[in-house]
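S.K.: Shown below is the structure under consideration.
The values are calculated or read from the model by the stated rules, or taken from the named source; none is laboratory data. Computed from a prediction, not measured in an experiment: that's the story for all the values here. Methodologically, a virtual Cβ is constructed for each residue, glycine included, from the backbone with ideal geometry; neighbour enumeration extends over all protein chains shown. Ligands, DNA and RNA are stripped out before the accessible areas are found, and what is left, the full protein with its side chains, is counted by its heavy atoms. Shrake-Rupley method; radii C 1.70, N 1.55, O 1.52, S 1.80 Å.
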Amino acid sequence: MRPDIATILKGTQIDTQITVMGWVRTFRNNQFIALNDGSTNHNLQVVVPLDSLDETQLKRITTSACIRATGQLIQSLGKGQTVELVADAIEILGDSDAEKYPLQPKKHSLEFLREIAHLRFRTNTFASVNRLRNALIFGIHQFFQERNFLNIHTPIISASDAEGAGEMFRVTTLDIEALPKDENDKIDFTQDFFGRSTNLTVSGQLEAELAAMAFTKVYTFGPTFRAENSNTARHLAEFWMIEPEVAFNDLKDNADLAEDMMKTVIRYAMEKHPDDIDFLDARLAEEEKQKPANERVEFSLKEKLNFVLDNQFERITYTEAIDILLQSPAYKKKKFKYDVSWGIDMQSEHERYLVEKHFKKPVIVTDYPKNIKAFYMRQNDHCEAGKETVAAMDILAPGIGEIIGGSQREERLDKLEQRMQEMHIPTKEMFWYLDTRRFGTCKHAGFGLGFERLVQFVTGMGNIRDVIPFPRTPKNCEF
Ligand code: 4AD
Ligand code: MG
């Protein structure tokens, strides 16, 4: 197999003849090509011997031209690199008009790069982010596979709303210009492709629960879709989610699994790509320098990640979290935009206060009010009247807010049915979900990790649009 540039730079092929292919980053003095093939941010210096190429050929070695170079790999004399390639043959595989190429060898804003997302893979920042993204994908599969979890493919097209939040994209083949109507003048979905109304899934959890009732330990890793009109740096309309589901686990087991998983995969990605972590650490430090002193974060990226690996996540109940907020100087000085009281769905300013100011580390908040959580969460026994809670958990991470949401599930048929009715979730259509509670039900728990939020956490990227190659957000579906 032809070695990539990351391998070549390790120097083991020194004094041999090799061939490399890649894209030109820079070409200086008509002699030194910095060549990149995406295996690392470090370029291979390709030396073009003087007079070996004529004027027209030299002119074609432009930024982003694709070339093949063959020659001898030698110990480098220049500083900043271990080896260089002295080329005896250079072939231009693909020309690139330097005048028209939008990416110049200089700093571009992340906003500008989003507009040319088809080319931004060729920048160091996106190359590092995507290599780490890849390592996290692999690390997650490895984590679950080593623990004998079964990977389940759950459907992408679905007839039910797993979260009951009504944030779904409809899937239809009906002619939307001329929708068929039934006798009540409602759209007649019996004429639609599936003979019923269907959507893109918001979560694979319900199907994962069915599988856990046979395989004990399962996980999904798939795309999920939310038509929520949230234009924030943490929301995508299309994102990837990892959803483990484990029979016989309770809420504490669930939190233990989540913490272990996060630490294991973060450690794996850091060990796999230390250069990319270094690069992003420096990038973030540079970005922080541009901010006013009171807005800067205390830790560098590497310090933050190492701190997370070395320390236990804080575990508190929702009620304790609300108490901390009510006692906080921020609350007393009216610094919060949204009010705080027991029962609120915490806003991101509250979550950030808890993780960034108060605990300065990831926090697992458990036992949320029943009224702000999904129908499938297990209702806690012995609640104070008017303060009913469910066995829910959210993991809040510094700089991110909610990175994981999960719960122990309601395994008791009567309680689940009652809750579904209260929340207008169709029990008849969801007979299949309720059947698991009819036939051999048991305690079980699971969670959903928002993959892009994990990538943000590991790379220190401030905007979720910069950790997925082609982000889908409200009013934006380019590429
Ligand atoms: O908290 P959520 O909505 O939980 C579920 O979907 C459950 N079915 C999970 C489970 O228990 N199996 O979503 C889980 C995680 C969130 O914590 C967040 O990290 C991420 O998914 N997430 C999003 N990420 C990006 N863009 C969005 N619009 C997101 N919505 C949720
Ligand atoms: Mg949630």
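S.K.: Could you tell me which numbered condition Ile425 fails, if it satisfies all but one of (1) within 14 Å of ligand 1 (Cβ to nearest atom); (2) more than 20 Å from Ser158 (Cβ to Cβ)?
M.R.: (2)
S.K.: Name the one entry in Glu99, Glu91, Glu55 that is acidic (Asp, Glu), open to solvent by 80 Å² or more (accessible area, probe 1.4 Å) and modelled with pLDDT of 95 or more.
M.R.: Glu91 is the lone residue from the list that is acidic (Asp, Glu), open to solvent by 80 Å² or more (accessible area, probe 1.4 Å) and modelled with pLDDT of 95 or more.
S.K.: Find the residue count for the range 128-160, including only residues that are under 22 Å from Asp260 (Cα atoms) and either in a loop (DSSP other than H, G, I, E, B) or touching a Cys at 6+ places or on another chain (Cβ under 7 Å) (or both).
M.R.: Here the count works out to 4.
S.K.: Then there is this: For the range 156-179, what are the residues that are within 16 Å of ligand 1 (Cβ to nearest atom) and in contact (Cβ under 8 Å) with a residue 24 or more places away in the chain?
M.R.: Ile156, Ser158, Ser160, Asp161, Ala162, Glu163, Gly164, Ala165, Glu167, Met168, Phe169
S.K.: Consider only pairs whose beta carbons are under 9 Å apart and that are at least six residues apart or on different chains; among these, list those whose first residue lies in the range 411-428 and is farther than 20 Å from Asp250 by Cβ and whose second residue is among the β-branched types (Val, Ile, Thr).
M.R.: Sorted first by the residue in the range 411-428, then by its partner, the pairs are Glu417/Thr427; Met420/Thr427; Gln421/Thr427.
S.K.: Has the range 409-427 got any residue that is among the charged types (D, E, K, R) and either touching a His at 6+ places or on another chain (Cβ under 8 Å) or within 16 Å of ligand 2 (Cβ to nearest atom) (or both)?
M.R.: yes
S.K.: Name the single residue that is surrounded by the fewest Cβ atoms within 10 Å (Cβ to Cβ) among those in the range 440-460 being more than 16 Å from ligand 2 (Cβ to nearest atom) and within 20 Å of Phe375 (Cα to Cα).
M.R.: Cys442
S.K.: Another question, if that's okay. Among the residues of the range 77-88, write down those that are within 21 Å of Ala282 (Cβ to Cβ) and open to solvent by less than 90 Å² (accessible area, probe 1.4 Å).
M.R.: Gly80, Gln81, Thr82
S.K.: Here is a follow-up. Name the single residue, out of those in the range 161-190 being closer than 30 Å to Asn371 by Cα and not in a loop (DSSP other than H, G, I, E, B), that is most open to solvent (accessible area, probe 1.4 Å).
M.R.: Arg170
S.K.: Right, Val218: β-branched (Val, Ile, Thr) and near ligand 1 (Cβ under 9 Å from one of its atoms) or not?
M.R.: no
S.K.: Scan the range 333-358 for residues that are over 26 Å from Ile425 (Cα atoms), open to solvent by less than 40 Å² (accessible area, probe 1.4 Å) and touching a Phe, Trp or Tyr at 6+ places or on another chain (Cβ under 9 Å) and jot them down.
M.R.: Across the range 333-358, the qualifying residues are Phe336, Val340, His350, Tyr353.
S.K.: I would also like to ask the following. Please name all residue pairs, on different chains or six or more residues apart, with Cβ atoms under 7 Å, provided the first residue is in the range 40-65 and is touching a residue at least 60 places away in the same chain (Cβ under 8 Å) and the second residue is in a loop (DSSP other than H, G, I, E, B) and among the hydrophobic types (A, V, I, L, M, F, W, C).
M.R.: If the second residue must be in a loop (DSSP other than H, G, I, E, B) and among the hydrophobic types (A, V, I, L, M, F, W, C), the pairs left are Thr40/Leu9; His42/Leu9.
S.K.: Under the condition of being under 15 Å from the mean Cα position of the chain (by Cα) and open to solvent by 40 Å² or more (accessible area, probe 1.4 Å), which residue from the range 233-287 is farthest from Arg437 (Cα to Cα)?
M.R.: Filtering first and then ranking leaves Arg234.
S.K.: What are the pairs, 6+ residues apart or on separate chains, where a residue within the range 328-350 that is in contact (Cβ under 8 Å) with a residue 24 or more places away in the chain and within 22 Å of Gly386 (Cα to Cα) has its Cβ under 6 Å from a residue that is of a type outside the set (A, V, I, L, M) and open to solvent by less than 70 Å² (accessible area, probe 1.4 Å)?
M.R.: Cβ pairs passing all conditions: Gly343/Pro369.
S.K.: Check off (1) part of a helix (DSSP H, G or I); (2) among the small types (Gly, Ala, Ser); (3) out of contact with any Phe, Trp or Tyr (no Cβ under 9 Å at 6 or more places or on another chain); (4) open to solvent by less than 50 Å² (accessible area, probe 1.4 Å) for Ala330 and give me the number that stays unchecked.
M.R.: (3)
S.K.: Here is a further query. Looking only at the range 288-319, filter to residues that are part of a helix (DSSP H, G or I) and exposed (fewer than 15 other Cβ atoms within 10 Å of the Cβ); which one of those is nearest to the chain's Cα centre (by Cα)?
M.R.: Leu309
S.K.: Of everything in the range 390-421 that's over 11 Å from Val365 (Cβ atoms) and aliphatic (A, V, I, L, M), which residue is nearest to ligand 1 (Cβ to nearest atom)?
M.R.: By that ranking, first place goes to Ile403.
S.K.: Of the conditions (1) open to solvent by 10 Å² or more (accessible area, probe 1.4 Å); (2) at pLDDT below 95; (3) within 16 Å of ligand 2 (Cβ to nearest atom), Gly401 satisfies every one except a single condition; which number is it?
M.R.: Going through (1) open to solvent by 10 Å² or more (accessible area, probe 1.4 Å); (2) at pLDDT below 95; (3) within 16 Å of ligand 2 (Cβ to nearest atom) one by one, Gly401 breaks only (1).
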